[in-house]
Amino acid sequence: MTLPIDPSQIDPDDIGAKQTTLEMDHEEAIERVREVFTDAGFGVPVEFSPSELLNEKVDADRDPYYVLGACNPSVADRALEATDGKLGALFPCNVVVWEEEPGRQRVYHVSIMRIARLVGIAPEDDEMEDIVAETGELVDTAFEDL
């Protein structure tokens with residue numbers, strides 16, 4: 001299979017990559033990220049710990065790693081409409097928190113809206129451009145408050 005894009009040529013801005021470091025314990029960071037994203041206009045309908053699951057199921061010995069599935073309902077509805085439902089395969093917009101070392105947590109997010117355009121799930125039109133801009137502003141607000 002040949003990819004339609006060369007991943008090594010993707011600029012982090014192309015996928016809306018955002019990251020920051022929080023100097024706090026893991027559970028406190030999860031609570032902080034949930035609070036900040038909620039205040040920025042996202043709900044968090046899905047949460048789970050891949051590290052706990054993998055440590056339990058396959059004895060992976062992973063450091064704390066947590067996924068918060070954030071969603072702004074009005075933007076999600078518009079995105080589903082603009083993509084004939086296809087964008088739902090990438091829902092929700094995940095924000096990941098992992099422990100780099102005790103007391104130091106990395107928070108990372110990529111834009112599923114931008115990625116959907118890169119891989120052809122979402123159209124390159126004005127409506128999708130507005131959706132990308134709106135979600136980008138919401139995420140920017142959240143990261144500024146972290």
Q) So how tilted is helix 73-82 from the main axis of the chain? Cα-based, degrees 0 to 90, rounded to 10. A) 40 degrees
Q | Rule-of-thumb Rg ratio for the chain [Cα; 2.2 N^0.38 Å; N residues] | A | 1.09
Q.
Can you give the local net charge around THR38? Use residues other than it whose beta-carbon is closer than 13 angstrom to its beta-carbon, Lys and Arg +1, Asp and Glu -1.
A. -3
Q. Of PHE48, PHE91, PHE143, PHE37, which has the most accessible area with a 1.4 Å probe, and how do the rest follow in descending order?
A. PHE48, PHE91, PHE143, PHE37
Q.
Just to confirm my numbers, what's the Cα centroid distance between region 82-146 and region 27-67 in Å?
A. 16 Å
Q: Return the distance in nm (one decimal) between the two label points of a simple spin-label model at THR21 and ASP39, each offset 7 Å from Cα along Cα→Cβ.
A: 2.3 nm
Q.
I'd like the accessible area for CYS71, computed on protein heavy atoms only with a 1.4 Å probe and all protein chains in place. Round to 10 Å², please.
A. 30 Å²
**Q.** Listed residues ARG62, ARG117 arranged by accessible area, highest first, probe 1.4 Å
**A.** ARG62, ARG117
Q. Within the accessible area of region 59-146, what % is carbon and sulfur when the probe is 1.4 Å and the other protein chains stay in place?
A. 45 percent
Q. Relative to the first principal axis of the alpha-carbon coordinates of the chain, what is the inclination of helix 26-39, with its axis defined by its Cα atoms, in degrees from 0 to 90 and to the nearest 10?
A. 30 degrees
Q. What does the accessible area per residue of region 66-146 come to in Å², with a 1.4 Å probe and no ligands, DNA or RNA counted?
A. 47 Å²
Q | With Cα atoms, 0 to 90° folded angle of helix 126-145 axis to the chain main axis | A | 20 degrees
Q. Can you give me the relative contact order of the chain as a percent, contacts being Cα pairs under 8 Å and 6 or more apart?
A. 32 percent
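The values are calculated or read from the model by the stated rules, or taken from the named source; none is laboratory data. None of the values given here were measured: they were computed from a predicted structure. Methodologically, a virtual Cβ is constructed for each residue, glycine included, from the backbone with ideal geometry; neighbour enumeration extends over all protein chains shown. Note: areas computed on protein heavy atoms with side chains; ligands, DNA, RNA excluded. Shrake-Rupley method; radii C 1.70, N 1.55, O 1.52, S 1.80 Å.
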